[in-house]
């Protein structure tokens, strides 16, 4: 246990290429040059999105007289149009409501499930875990048509509640596996001590296991929030009326009108719709990285 | 030591309510804990999955219950050139995009595994395309691929003078197909790179030291140490990647909606077009079900093709 930990910290500090023959020029050519190309390409669409949202239409559609990579007279017209002439604030609110609702629902369900599978050990608990993992491999593209009929049967069609109930189908498997990993890392002895002291199982979960699993809960929470904010196909299939649409669907179906696309407004909408998750992301980068890699390794 | 505290605690715990006692009864507690998760997954995942297979054998349309018609939907699809086109493009899209994602993602992971200043910041930036809603970055690509105001065309024609005409990215079948693949690769690189980076960091540096003492070249170190050690994690990441690329919907729906002349339909977008937009639920479900054999095959192939080796952590359970 301690050996493994020591080893993994070693790995971080020593990489194979730090030996003497490694010259500076070679390093620039082999590492920095390709790396900056990658960063440039990965970031360019966002730069382009951002710069388009603040460009006046005249500059937007005239590359010969204006340098397309810069704005000479930035404008807030597109964002103003979005906020005051369209239902964008409503879409944002709906998306936020759906994302928060489904995140809490999945966190609740998957914490209990992970605790039962990992800590209450019963016969067949590995199979339940495997079953939940397999659920993660069922892609939404296969499910959305029958789910649409189920949603209609339940009378939830065109309601954000439908999305809150459906999103856990891909959030619960992910969160459960993440939390199983976290619960595994909490020493079992702590719970045994509490049991000896006469605590009930629920007290143990509430007072001991959950407080220790807070980093895992945060990881699972922000991940669920991001995934539900970004979800598209269910929101497209189950929501009909303009006011109940989520941001990604609404931009594509309500803002793209006619033959002449209003690129300024479209890009401003995309920028604003990306901001909440980007902000969230910048606050919790490490949690994202650890949960992404943790879920893959499990 | 704790003698003084024991009596009072004992009294407090001797009469727990029947609710508390019920919740301390292990089988009951297990059932209670599993109910929310299993319930949600059964109602909204397992049941629809079965229902989808049933729908594929009926002629259900929106607002009308269908009757069992056997294999008719599948027979129709078999003779439908659009379905064959979607099958072809789904396989082509998955193949090229997966190859691109893994080649570039692996390279990026190897680059990020080096030491340089601002490493964690860079790692954060790299993951950004994966965090942002796909549809929204797809819109940015749509704008980048605009026939008149494409920034790529502008660079090639007016700045670099490599071409004389603007590229019609999305107006003709083959350029449109490749444009979508490029967008998919762009979106997939971060996930692959960050997952593989985590795998790279578990490889012990002593292996490289030993190889270097033996005079192994950089290529040999990659070929005989990095690659074999990475195979298990590659298998898992690739399985995920293939499943979610093959069933991709958002990118294609946002950028081309299957056009021009239905040349960029994936099975998922075709299923949406027939099933939800066209109202032919039975036929849409049949298209969705027709994805399953491909998925099973791709999963088995990538999993068993790559994961022949045992887990690098060893066979002992953790």
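The values are calculated or read from the model by the stated rules, or taken from the named source; none is laboratory data. Keep in mind that what you see is a predicted model, and the values were worked out from it rather than measured. Glycine also receives a Cβ, built like all others from the backbone with ideal geometry; neighbour counts cover every protein chain displayed.
Would you confirm whether or not region A:86-99 contains a residue that is closer than 30 Å to residue A:158 by Cα, outside any helix (DSSP H, G or I) and out of contact with any strand residue (DSSP E or B) (no Cβ under 7 Å at 6 or more places or on another chain)? The answer is yes, given that some residue of region A:86-99 is closer than 30 Å to residue A:158 by Cα, outside any helix (DSSP H, G or I) and out of contact with any strand residue (DSSP E or B) (no Cβ under 7 Å at 6 or more places or on another chain).
Report whether or not residue A:73 is loosely packed, with under 13 Cβ neighbours inside 10 Å and either closer than 25 Å to residue A:217 by Cα or away from chain B (no Cβ under 13 Å) (or both). Criteria met by residue A:73. Residues that are surrounded by fewer than 22 Cβ atoms within 10 Å (Cβ to Cβ), within 13 Å of chain B (Cβ to nearest Cβ), under 30 Å from residue A:274 (Cα atoms) and modelled with pLDDT of 90 or more: does region A:110-128 have at least one? No: zero hits. Test residue A:62 against the stated conditions and say whether it is modelled with pLDDT under 90, more than 8 Å from every other protein chain (Cβ to nearest Cβ) and surrounded by 11 or more Cβ atoms within 10 Å (Cβ to Cβ). So residue A:62 fits the description; yes.
Quick check: is even one residue across region B:294-306 over 16 Å from residue B:233 (Cβ atoms) and at pLDDT below 75? No, region B:294-306 has no match at all. Quick one: would you say residue B:240 is crowded, with 17+ Cβ neighbours inside 10 Å, within 11 Å of chain A (Cβ to nearest Cβ), at pLDDT 90 or above and under 30 Å from residue A:142 (Cα atoms)? So residue B:240 does not fit the description; no.
Could you please give the count of residues in region B:111-120 that are more than 9 Å from chain A (Cβ to nearest Cβ) and either crowded, with 17+ Cβ neighbours inside 10 Å or assigned to a helix (DSSP H, G or I) (or both)? Total meeting the criteria: 1. Of the helices (runs of 4 or more DSSP H) lying entirely inside region B:135-234, those containing at least 1 residues that are surrounded by fewer than 16 Cβ atoms within 10 Å (Cβ to Cβ), modelled with pLDDT of 90 or more and out of contact with any strand residue (DSSP E or B) (no Cβ under 7 Å at 6 or more places or on another chain) are B:173-200, B:205-213, B:218-221. Of all the numbered requirements in (1) surrounded by 16 or more Cβ atoms within 10 Å (Cβ to Cβ); (2) touching a residue at least 40 places away in the same chain (Cβ under 8 Å); (3) away from chain B (no Cβ under 13 Å), residue A:228 misses one, and that requirement is (3).
Looking only at region B:192-201, residues that are more than 7 Å from chain A (Cβ to nearest Cβ) and over 13 Å from residue A:38 (Cα atoms) come to 5 in all. Of the helices (runs of 4 or more DSSP H) that lie entirely inside region B:1-65, those containing 2 or more residues that are surrounded by fewer than 18 Cβ atoms within 10 Å (Cβ to Cβ) and at pLDDT 80 or above span B:26-41, B:47-56.
The rows are residues; the columns are (1) assigned by TED's automatic domain parsing to the domain that holds residue A:186; (2) part of a helix (DSSP H, G or I); (3) without any contact (Cβ under 8 Å) to a residue 40 or more places away in the chain.
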residue	(1), (2), (3)
A:115	yes, yes, no
A:118	yes, yes, no
A:121	yes, no, yes
A:127	yes, yes, yes
A:135	yes, yes, yes
A:143	yes, yes, yes
A:147	yes, yes, no
A:152	yes, yes, yes
A:158	yes, no, no
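Return the residue satisfying two criteria in turn: it lies in region B:60-81 and is within 14 Å of another protein chain (Cβ to nearest Cβ) and touching a helix residue (DSSP H, G or I) at 6+ places or on another chain (Cβ under 7 Å), and of such residues it is nearest to residue A:161 (Cα to Cα). This residue is B:62.
Can you tell me how many residues in region B:22-46 are within 31 Å of the chain's Cα centre (by Cα) and facing chain A (nearest Cβ under 7 Å)? Of the residues in region B:22-46, 8 are within 31 Å of the chain's Cα centre (by Cα) and facing chain A (nearest Cβ under 7 Å).
Of the set (1) touching a helix residue (DSSP H, G or I) at 6+ places or on another chain (Cβ under 6 Å); (2) within 13 Å of residue A:143 (Cβ to Cβ), all apply to residue B:272 but (1).
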